[in-house]
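Working notes, beginning with the structure itself.
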Amino acid sequence: MINIRNLKEIQKIKQSCQIVRDTLKFLEPKIEPGITTLSLDQIAEEYIRSRNAFPGFKGLYGFPATLCVSIDEEVVHGIPGKRIIEEGQIVSLDVGAIVDGYYGDHARSFPVGEVSSEKLELMDVTKKSLDLGIKAAKPGNHIGDIGYAIQTYVESYGYGIVRELVGHGIGTKLHEEPQIPNYGNPNNGPLIKTGMCFAIEPMVTLKSYQIFTKEDQWTICTVDGFPAAHFEHTITVTEDGVEILTV
């Protein structure tokens, strides 16, 4: 079942979304060579709790941390630890928060210091593909229109779009119906209606879209070892189109 949220519920989701937005803004200047991924995680948890919210990921499905910190060929779900962030890397941060029983979810990829033009373009295309996917999430369209908008833009640059991982509905659970693939065909899938809330999150790879999971059972990487980027916004569908809740 796809939930249709009322204005009161959407406002609660928006509160959580503003906290995850602010968390990533707070972390951004700290993403520098020499800091550990665990340090970023600890800063994020402290910040979220200071806002009278709870980390949305910690303990969910057994995940041990507040942030997913994924570097270069790590697409998503990287577990924070002793790893030191280095110049030239892409660091993707994904974070969730809960306020009054409702989730917010947000992800961004960040360049560490001076990065290659190849990586900068990968991040730029990923971010723009998210914007296009969001624009397609208007009432009267179908879920397939979102994935089609993302896929066609990404593949026009020769990049890969991850198939196995998808966006999702969001509300009192982090992951609700519908699943929102980042690829697909127009006019396919459930009809998009006013009041639906989605997390849209393209995961784009420099070369092949094939992925595998590391032995930690969480960190998902590109098979070919080339880098990936990840951007995510939580949105709600309005009568006029879309409101992005994580800006």
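The values are calculated or read from the model by the stated rules, or taken from the named source; none is laboratory data. Note that the structure is a prediction, hence the values are computed from the model and not measured. Reconstructed Cβ throughout: ideal geometry from the backbone, glycine too, with neighbour counts over all protein chains shown.
Residue under question is Val75, and the condition is that it be among the β-branched types (Val, Ile, Thr) and either part of a strand (DSSP E or B) or at pLDDT below 95 (or both); does it hold? When the stated conditions are applied, Val75 passes them.
Please specify each residue of the stretch 156-190 satisfying the condition of being over 20 Å from His233 (Cβ atoms) and in contact with a helix residue (DSSP H, G or I) (Cβ under 8 Å, 6 or more places away or on another chain). Correct list: Tyr157, Gly160, Asn185, Pro186, Asn187, Asn188. Taken over the stretch 224-246, the residue count meeting the criterion of being touching a His at 6+ places or on another chain (Cβ under 8 Å) and not β-branched (Val, Ile, Thr) is 3. Restricting attention to the stretch 135-194 and to residues that are part of a loop (DSSP other than H, G, I, E, B) and of a type in the set (Phe, Trp, Tyr), the residue that is surrounded by the fewest Cβ atoms within 10 Å (Cβ to Cβ) turns out to be Tyr157. Filter the stretch 1-29 down to the residues that are without any contact (Cβ under 8 Å) to a residue 60 or more places away in the chain and within 16 Å of the chain's Cα centre (by Cα), then identify the one that is surrounded by the most Cβ atoms within 10 Å (Cβ to Cβ). Checking each candidate, the answer is Asp22.
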